[in-house]
Amino acid sequence: MSDTPDTPDPGLLDALLDSWDRNNTILVNLLHALPEGGLETRPMEGSPSVAELFTHIHYVRLVFVSEDAPEFARDVPKQDLPKEEWMAERETGRIAEMLKDSAKAVRDAVNGRLQAGREMNLHYDHPILLLQHMIWHEGYHHGQIKLALKLAGHPISNQEAGPITWRVWMNKTSK
């Protein structure tokens, strides 16, 4: 890769950033669809709880932004990050705000680095790969969360999940 990544076509960049926004919407929708006690659910003893998986996602986003585009990092002291990675937060509203904030940090980092023609500091051959990594990582944990709920006897049915997940990806916007 060259020293400065090519800035993608504006329409393509908008679509990529929209995919990131949709990914976060789906994650927050899943959070709000949890049944009573869902945050405490674990697939098995010793595994992270559903709450800890959500806060881990938030943490990973912040760490990669701080390492790869620190000018977009949130004001979280490095020494405080390890305590927050697997935090068992009990308030869905608080987790939703954390996810929205860290999603914005990732979005701003990718967009900012592309607009400036700058590569990432530590990881990735191109800033867009940060988005792709986060979407893959979060899809992995999305599946873990749904499986944990199913194993605990609280599955989210396809009828419930469809409108808040797959429809978010597939619906056309009125642009």
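Specify which of the listed residues (Met87, Met98) is modelled with pLDDT under 90 and either open to solvent by 50 Å² or more (accessible area, probe 1.4 Å) or aliphatic (A, V, I, L, M) (or both).
Details: Met98 fails: modelled with pLDDT under 90.
Testing whether each residue is modelled with pLDDT under 90 and either open to solvent by 50 Å² or more (accessible area, probe 1.4 Å) or aliphatic (A, V, I, L, M) (or both) leaves just Met87.
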| request: Considering only residues that are under 18 Å from Ala96 (Cβ atoms) and part of a loop (DSSP other than H, G, I, E, B), look in region 34-58 and name the one that is most open to solvent (accessible area, probe 1.4 Å). | output: Glu36
| note | For region 103-127 the number of residues that are surrounded by fewer than 21 Cβ atoms within 10 Å (Cβ to Cβ), within 28 Å of Thr41 (Cα to Cα) and touching a residue at least 60 places away in the same chain (Cβ under 8 Å) is 0
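Any idea which of Leu16, Leu81 is in a helix (DSSP H, G or I), open to solvent by 20 Å² or more (accessible area, probe 1.4 Å), at pLDDT below 95 and closer than 24 Å to Gln132 by Cα?
Numbers: Leu81 fails: open to solvent by 20 Å² or more (accessible area, probe 1.4 Å).
Only one candidate qualifies: Leu16.
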| task | Would you list the helices (runs of 4 or more DSSP H) that sit entirely within region 128-175 and hold 2 or more residues that are modelled with pLDDT of 95 or more and open to solvent by 80 Å² or more (accessible area, probe 1.4 Å)? | result | 128-151
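The values are calculated or read from the model by the stated rules, or taken from the named source; none is laboratory data. The structure presented is a predicted model; accordingly, all values stated were derived computationally and were not measured. A quick note on method: Cβ atoms are made from the backbone with ideal geometry, for glycine too, and the neighbour counts reach across all protein chains shown. Accessible surface is based on the protein model in full, side chains and every heavy atom, while ligands, DNA and RNA are left aside. Shrake-Rupley method; radii C 1.70, N 1.55, O 1.52, S 1.80 Å.
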